[in-house]
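The structure appears right after this line, and notes come after that.
Every number here is computed from the coordinates shown, using simple stated rules; none is lab data. Keep in mind it's a predicted model, so treat the numbers as computed, not measured. With ideal geometry, Cβ positions are generated from the backbone for all residues, glycine too; neighbour counts draw on all protein chains shown.
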Amino acid sequence: MSGHSTYQPQGKFAKWLDSRLPILTLMNAQAIDFPTPRNLNYFWTFGAILMMMLVVQIVTGIVLAMHYTANVDLAFESVEKIMRDVNFGWLLRYMHANGASMFFIAVYIHIFRGLYYGSYKAPREILWILGVVIFLLMMATGFMGYVLPWGQMSFWGATVITNLFSAIPLIGESIVQWLWGGFSVANPTLNRFFALHYLLPFMILGVVILHIWALHVPGNNNPTGVSVKSNQDTVPFHPYITIKDTFAMVLFCLFFGWFLFYIPNYLGHPDNYIPADPLVTPAHIVPEWYFLPFYAILRAVPSKLGGVIAMFGAIAVLFILPWLDTSKVRSGAFRPMFRPFFWVFVLVCIILGWLGSQPAEGVYVILARIGMVYYFAFFLIILPVLGLIERTTPLPASIAESVLGKSGGGSAQPAGSTAAPADKG
Amino acid sequence: MTIRLSLALVLGLAGAALTGPSASAAEGAPHIPKESWSFSGPFGHYDPAQLQRGFKIYQEVCSACHSMEYVAIRTLGSDSGPYFSEAAVKEIASGYQIEDGPNDQGEMYERPGRPSDHFPPPFPNEESARLANGGAYPPDLSLIAKARAAHAGFPWFVFDALTQYQEAGPDYIYALLTHYEEAPEGVELSPGMYYNTAFLSGNQIAMPPPLSDGQVEYTDGTPETVDQYARDISAFLMWAAEPKLEERKQVGFKVMVFLVVFAGLLYFTKRKIWSDVAH
């Protein structure tokens, strides 16, 4: 979507700078004039919310790292020092710990939005795949971050998850010892987790830049799934999207603040306020809530290796999703058969999450197996078959028509619109 | 057809999920009732008089066996805590003997405590603590009010988020201290164990009933009952675990008010900007 901006740098310094490094032209084209579908709903604000959460996590994380000590004998105490003695340390730590949960709430909404509106379909496959890479990096970062306070759940969560790799035939044991830096989860493990926990967010930032780059080539999908055809379909990013995103970010901050200021320990586990003890196993080892659906899938399979494959497969299947869905229609709004399957899928994910928090026994395991079968069937059977048999409802001719038809009039051309003509697929 | 099948399947899943916890609750997980605390809710704050009474119980009863290693004595003077006077904090500190050193002779020595010291542990190490307590290790109390909680099953945990319920710890401590009972017939207690219906890890606990009526003297006319003692020590331990609770809720209120106003302004600005565009 190049060529939509008519920006010319004004002023001596701007011209001097832009002729050497055209950053002003770039930012104007990508963040000011960028043509954005006029019909985006509030589900499209979660990209901006996620960007905000990444910055919150990096800023609070860097300051926390100035006070934290990555050593098995000192880590727990250093966290308590942050909570009790560091100025606003309680705010930093609660913001970081709850911020991780907020980050995942936002990313799950973002992913389900992409699923519902078919945002992964051509020409946005690379955009989607980069998103799955970010999701994987987030999971690794979240997992290692939870280990750092060195409470009981930190230690035993790390033990359970790293032990998964021992299921790999022949080389599994060696891989686990290599991950641990020893023969059990111990000081070398904590040290490397801290180093990686500091590194990975910057890798996330790098992939986020690629993600936005890949977004700005085809432009945003939209609730109709119909591609942008003319400049009547779009509004410039600024001020239309900037103000809407900012409003949504502040609303999200209110939600965040509810947890941060009033129930900061609601999403954590009480056992993590007990210092790690390798000799005492907690009654139930439970990962953070955002891993629970995958944890349920892991435990639903009777064999260890099978469980590990199923768990990683549950994420890996997302990588090939753009080629599994055979429907030519992007948006679920025009797919009457897809919709109930989609909402059942959402419900199954939530129920799997709840099952992940329950002991792996009796009826819970059976339910988790049913849920897991539906999870994989949704991607591997339902989406491929639906595209072949489903009769979709008629699509609007354009975004503008869908909007104007609905409201029965209004101006077709927003003031200041500089959108590109329809040459994109 | 397929749609109906899958819907039925999920409804079945959800139904089984709903009935799940009640089945597990019947196995004997103790029900911990919710008490009323001054520090609950968005404007919650500690009651200094209650924390001072609670500290007295800690000092005269709990500290005989339990350490509280992360709490510094100076924090007793906090105005969002027990609010002891500076002189009182110094006097409390000097009542403890703290091991320090080595001195210029290379010797460790004992000196009277200072406000900057943390509360000294009753036993030098875990082994001696176990030896003195019949093999059981009395846990550190600094974080106990955040490290223990009865699990709220589905769907109750959803309401806990909406009602800002964060007092599961003190509720549990209070219940534990007031639920010592004679073992019912047919229950064989292991040697050195006591029967407690609130204890989360089974009904047998190694801690003997620590409180009895009239055991700790109150000078402010508060009733000297086990029930009152249990409330006061639970409140004190909540403060010990979460000393910045008041500051957090006060800062939180200002931030939330700001965000609500800001969101309102942004909402109208957004409407103004979009008013010329059908969307």
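Of the residues A:I168, A:I389, the one with the fewest other Cβ atoms within 10 Å heads the list, and the complete ranking is A:I389, A:I168.
Per-residue shielding of B:156-162, expressed as the average number of other chain Cβ atoms within 10 Å of the residue Cβ, stands at 2. For B:H118, nonlocal amide neighbours, meaning residues 5 or more places apart or on other chains whose placed amide H falls under 5 Å from its own, are B:I73. Using the rule -39500 (n - 2.57) for each DSSP H run of four or more residues, divided by the residues of chain B, the 222 nm mean residue ellipticity is -14000 deg cm²/dmol. Per-residue mean of foreign Cβ neighbours for A:243-249 is 5 (Cβ atoms of other chains, 10 Å radius).
Result for chain B in a Gaussian network model with C-alpha springs under 10 Å: among B:P30, B:P112, B:P155, the largest mean-square fluctuation is at B:P155. Classify region A:241-297: rounded, prolate or oblate, from the alpha-carbon gyration tensor (a ≥ b ≥ c, eigenvalue square roots; a/c under 1.5 rounded; otherwise prolate if a/b is larger than b/c)? Because a/c hits 1.5 or more and a/b exceeds b/c, region A:241-297 counts as prolate. Around the amide H of B:I98, modelled in the peptide plane, lie the amide H atoms of B:R111, B:G113, all under 5 Å away and 5 or more residues distant in sequence or on another chain. Roughly speaking, what is the centre-to-centre gap between region A:229-305 and region A:47-66 when only Cα atoms are used, to the nearest Å? About 14 Å separates the Cα centre of region A:229-305 from the one of region A:47-66.
The A:D73 and A:W213 beta-carbon pair, evaluated with R₀ = 60 Å, returns a calculated FRET efficiency of approximately 0.85. Taking the longest Cα principal axis of chain A as reference, the axis of helix A:89-116 is set at about 50 degrees.
Amide H contacts of B:Y180 (H built 1.01 Å from N, in plane; Pro and chain starts excluded): no residue 5 or more places away or on another chain comes under 5 Å.
In terms of its alpha-carbon gyration tensor, chain A comes out oblate; a/c meets the 1.5 threshold, while b/c is at least as large as a/b.
The long axis of helix A:304-319 is offset from the longest Cα principal axis of chain A by roughly 20 degrees. The angle between the Cα long axis of helix B:48-60 and the longest principal axis of the Cα atoms of chain B comes to about 50 degrees, rounded to the nearest 10. 3J(HN,Hα) along region A:155-164, derived from phi through the Karplus expression 6.51 cos²θ - 1.76 cosθ + 1.60 where θ = phi - 60°, amounts to 5, 6, x, 4, 4, 5, 6, 5, 5, 4 Hz, with x in place of Gly and Pro.
Per-residue shielding of B:269-275, expressed as the average number of other chain Cβ atoms within 10 Å of the residue Cβ, stands at 5. Quick check: from the Cα gyration tensor, does chain B come out rounded (a/c under 1.5), prolate or oblate? Oblate is the answer for chain B, as a/c is 1.5 or above yet b/c matches or exceeds a/b. Taking the helices alone, chain A has a mean residue ellipticity at 222 nm of -18500 deg cm²/dmol, built from -39,500 (n - 2.57) per DSSP H run of at least 4 residues and averaged over all its residues. Looking at A:L260, A:L115, A:W289, which one has the Cα that reaches farthest to the positive end of the dipole of the protein assembly as shown (charges on Cβ: Lys, Arg +1; Asp, Glu -1)? The one lying farthest along the dipole's positive direction is A:L115.
Sequentially through region A:201-214, phi angles give Karplus couplings (6.51, -1.76, 1.60; θ = phi - 60°) of x, 6, 5, 4, 4, x, 5, 4, 4, 4, 4, 5, 4, 5 Hz, Gly and Pro residues having no value and appearing as x.
Each residue of region A:360-373 was assigned a 3J(HN,Hα) from its phi angle through the Karplus curve 6.51 cos²θ - 1.76 cosθ + 1.60 (θ = phi - 60°); the sequence is 7, 8, x, 5, 4, 5, 4, 4, 5, 5, 4, x, 5, 4 Hz, with glycine and proline shown as x. Placing a label point 7 Å from the Cα of A:A14 along the Cα-to-Cβ direction, the residues of region A:223-253 with a backbone N closer than 18 Å are A:237-239.
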